[in-house]
Amino acid sequence: MSIDLQILYTLIILSLALSVLAIILDISRTQVLSSKVSKLENLVKSLFSRKERSIKKIRKRYIVFSIISKHRYKRIEVEEAIRRAFSEMFGEISAAKADPQLIYFDPSIQRGVIRVSHIYKDHVIALLGFIREINGRSCLLIPIKTTGTIRKARKILYTLGKK
Amino acid sequence: MKIYIDLWIKSLDSKTAEILRKLGYKAIAVEEERERVADLLVITKRVIEANTRKELKEKLHGIKRKHVLVSVKPLSIEAARMAAHDSRVDTIIIDDTCYKYIDRNQINLMKQHSKPLELPLGRWLTYTPRKRSAIYRRVVYYLFHTKMPLIVTSCAKNWDELLVPRSTIYLLSIAFHIPLSQAVLSLTSYPRELISRCGVSI
């Protein structure tokens, strides 16, 4: 009888030990999972914060372009044509946000530099090729190069593709 | 270096050829060649407008296949279906006169017979907003959904109607929501494939 009791006790102790072990393992697993979840959360947070940061900081881009035409245009004519075409093609609000400015124009070589926010850089490049006339005179505007600094833009204006 | 190709120029003179060279085009398809030009690969383009199946058949009869690019502007459903079936046709044009006949079934049929759609982009911007958006819907919903190629042309009569390649690529990307890498193909690889099918190599 006493032997049976002993076996019973040992069995009870063993089962208790096993259950304790299972609990410990479960806790460790949940800890691992929670650490993974926290890592993921951090990653998502960092991604969002990076996006927010990039939207907040609007950088400038300088687009160098040239005009092919029989006529020689003045700076004001070209700037007005670009602004009008932008608001016609992409709307008034986009035009206000993009704010394309003709910051430099050399009438002798009919080339210029447009300053625009980096978000609307593609829009301005797309637009330039489709300006077919300025003040009723036919022309073609060709985007040559996009840069991040005005100094580089001016350098390109006088050097690149003079032919 | 990218090889830009314009598959529809209405008439070619020396001034247009000079600007094409400046813009970086290597090959063009011309409907009416006024002057011979050097440094540019020029092939002939035939644009056929047809109201009926019979008319299209008659107009296609006798066209030489070599060095000639055949495009069809269908003016009825039956002409559109026939154009998609016929092996002599290279491209099917979509513009303000025929956009109604380019429906989902037509695009599926074009996919079966590997016929690309041709869009005169310069003109597309001058259409009325209603027609412009109808063409946009057909291109984005049907054509890109079936992963069919889109070929962009200028349909230029004068030098000032030519497409500036870089601007065109960016406009395609913005207007039709396609990545730049895919937009480039509309001016380079897809037209090049068609030209090589006509027996000309670049």
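Figures for the structure shown
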{"item": "Normalised contact order of chain B, rounded percent, pairs of Cα under 8 Å and 6 or more residues apart", "result": "21 percent"}
{"item": "Values of log10 I(q)/I(0), in the order q = 0.08, 0.18, 0.19 Å⁻¹, for chain B under a Debye, Cα-only, solvent-free model", "result": "-0.24, -1.33, -1.48"}
{"item": "Under the span-like rule (Cα at least 18 Å along the axis, Kyte-Doolittle mean at least 0.0), DSSP H helices of chain B", "result": "none"}
{"item": "Ellipticity estimate at 222 nm from DSSP helix runs (n ≥ 4, -39,500 (n - 2.57)) divided over chain B, nearest 500", "result": "-10500 deg cm²/dmol"}
{"item": "Highest average packing first - B:193-202, B:7-16, Cβ atoms within 10 Å", "result": "B:7-16, B:193-202"}
{"item": "Euclidean distance of C-alpha centroids, segment B:45-114 and segment A:124-151, integer Å", "result": "36 Å"}
{"item": "Net charge over other residues, Cβ less than 12 angstrom from the Cβ of B:Ala38 (K, R count +1; D, E count -1)", "result": "-1"}
{"item": "Theoretical gain in end-to-end length, B:Ser189 to B:Glu32 [0.36 nm per residue, Cα-Cα removed]", "result": "54.1 nm"}
{"item": "Cα shape, segment B:149-193, gyration tensor, a/c 1.5 rule", "result": "oblate"}
{"item": "Considering only the protein assembly as shown, percent of DSSP beta bridges that pair antiparallel, nearest 5", "result": "45 percent"}
{"item": "As computed over the protein assembly as shown, the Cα convex hull volume per residue (Å³)", "result": "243 Å³"}
{"item": "Relative packing of B:89-96, A:7-14, B:19-26, which averages over residues the other C-beta atoms within 10 Å, highest first", "result": "B:89-96, B:19-26, A:7-14"}
{"item": "Listed pairs B:Lys100/B:Lys147; A:Lys45/A:Lys152; B:Lys22/B:Lys157; B:Lys15/B:Lys59; B:Lys54/B:Lys115 exceeding 26 Å between Cα atoms", "result": "A:Lys45/A:Lys152; B:Lys15/B:Lys59"}
{"item": "Listed residues B:Ser114, B:Gln182, B:Ile77: farthest to the positive end of the dipole of the protein assembly as shown (Cβ charges)", "result": "B:Gln182"}
{"item": "Structure-based [θ]222 nm, chain A - -39500 (n - 2.57) summed over DSSP H runs of at least 4, per residue, nearest 500", "result": "-20000 deg cm²/dmol"}
{"item": "Acute angle (nearest 10 degrees) that the helix A:150-159 long axis makes with the longest principal axis of chain A, alpha-carbon atoms", "result": "50 degrees"}
{"item": "Gyration tensor over alpha-carbon atoms, chain A, equivalent ellipsoid semi-axes in Å", "result": "74, 15, 11"}
{"item": "Mean Cβ neighbour count within 10 Å, used as a protection proxy, ranking B:60-67, A:152-159, B:148-155 highest first", "result": "B:148-155, A:152-159, B:60-67"}
{"item": "Dipole magnitude (debye, nearest 20) for segment B:4-197, charges at Cβ of Lys, Arg, Asp, Glu", "result": "480 debye"}
{"item": "Mean separation of Cα contacts under 8 Å, 6 or more apart, over the residue count of chain A: relative contact order %", "result": "27 percent"}
{"item": "Cβ-placed point charges (K, R +1; D, E -1), dipole of the protein assembly as shown about Cα centre in debye, nearest 20", "result": "1160 debye"}
{"item": "Per-residue mean of C-beta atoms belonging to partner chains within 10 Å, peptide B:23-29", "result": "1"}
{"item": "Whole-Hz couplings from phi, Karplus 6.51/-1.76/1.60, listed for segment A:4-9; x for Gly and Pro", "result": "4, 4, 4, 4, 4, 4"}
{"item": "Per-residue average of Cβ from other chains inside 10 Å of B:168-175", "result": "5"}
{"item": "Selection from A:Tyr9, A:Ser35, A:Tyr73 lying farthest towards where the dipole of chain A points positive, charges on Cβ", "result": "A:Tyr73"}
{"item": "Acute angle (nearest 10 degrees) that the helix A:75-90 long axis makes with the longest principal axis of chain A, alpha-carbon atoms", "result": "40 degrees"}
{"item": "Backbone N under 16 Å from the B:Lys147 label point (7 Å along Cα→Cβ), restricted to segment B:90-122", "result": "B:108, B:111-115"}
{"item": "Difference of contour (0.36 nm per residue) and Cα-Cα distance, B:Leu125 to B:Glu58", "result": "20.8 nm"}
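Laboratory data are not the source of any read-out in this text; all were calculated from the coordinates shown. Note that the structure is predicted; figures quoted are calculated from it, not measured. As a convention, Cβ positions derive from the backbone with ideal geometry for all residues, glycine included, and neighbour counts pool all protein chains shown.
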